[in-house]
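Here is the structure we will look at, set down as structure tokens.
The values are calculated or read from the model by the stated rules, or taken from the named source; none is laboratory data. Small disclaimer: the values here were computed from a predicted structure and weren't measured. Cβ sites come from the backbone with ideal geometry, for glycine too, and all protein chains shown count toward neighbours. Each accessible area value is taken on the protein alone, full model and side chains, heavy atoms only, with ligands, DNA and RNA left out. Shrake-Rupley method; radii C 1.70, N 1.55, O 1.52, S 1.80 Å.
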Amino acid sequence: MNDKASAPLSDIRRDFERVAPETARKASTFAASILADVAGRRGTLDGRVAPLSPSMRLAGPAFTIEVRHGDNLMIHAAMTMAKPGDILVIDGKGDRTCALMGSIMINACKKLGLGGVVIDGAVRDTEELRALGFPVYAVCANPNGPTKFVPGRINWPVSCGGVAVHPGDLVVGDGDGVVVIERARAASLLDAAAQKVADERSRLGDIAAGRNLRPKWLEGSLRAAGLPKEGETP
């Protein structure tokens, strides 16, 4: 028997391929909504995962963490392994009963040069975190603290905000929320994102000038949906 094949997989993975830094940098210039649209209107986390302040922005590779309800042991471990620019994406099971991170941990994340934190769970010390300005997206706040002794997994695929996130995927967040795009296709969407921005600016220019207020696609879409009925005017 092959010993390597039969060996158990480690719950902690240190090495994985990240989305290219230049791709993440270019993606950071686009709104999350633009990227979500060109990605096929998929990959957006549930709106329960929201920025602590609307002005918060993040873009970078996902560094994924799975924890058990109410325990942040693996987040502490992950912080020692993540690289500058990484976004901690934490599957906190949507638990609202206690905070998984607070001021001390988030200050450390900022000092380590990490790119942001996305938690499907709660945080605390929110007034301090808003003042700090480091991008944090979470479900809610809760003053109760977590335990620190239950094992989890690092850099395995996780579910965060109802979306499957793999280590190294592109994560972009703004005031609207967070979108995740698979690492392998992220770079291929940037040209489409730039074209969509140009198209939307043109459309807004028309609206401001009072031109083409009726969308060109509307009639075709209504007819495809079986509307209007016979004898009705679209």
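Side notes on the structure shown:
- The chain: mean projected area of Cα convex hull, nm²: 18.1 nm²
- The heavy atoms of Asp176 offer some 130 square angstrom of accessible surface to a 1.4 angstrom probe.
- Most mobile listed residue (Asp11, Asp86, Asp46) in the chain, GNM with C-alpha springs under 10 Å: Asp11
- Proximal aspartates and glutamates relative to Lys110, as straight alpha-carbon distance under 17 Å, when same-chain residues fewer than 8 apart are discounted: Asp86, Asp125, Glu127, Glu128
- Residue with peak Gaussian network fluctuation, the chain [Cα springs, cutoff 10 Å], from Leu170, Leu213, Leu52: Leu213
- Bridgeable lysines around Lys111 (alpha carbons under 17 Å apart, same-chain partners fewer than 8 residues away excluded): Lys83.
- Pairwise FRET efficiency - Leu227 versus Leu204, Cβ, R0 = 25 Å, nearest 0.05: 0.40
- Choice from Thr80, Thr44, Thr147 with maximal GNM fluctuation in the chain (Cα, 10 Å cutoff): Thr80
- Taking a straight Cα-Cα cut-off under 23 Å and skipping sequence neighbours fewer than 8 places away in the same chain, the lysines within cross-link reach of Lys216 are Lys196, Lys229.
- Among beta bridges that DSSP assigns inside the chain, antiparallel share in %, nearest 5: 50 percent
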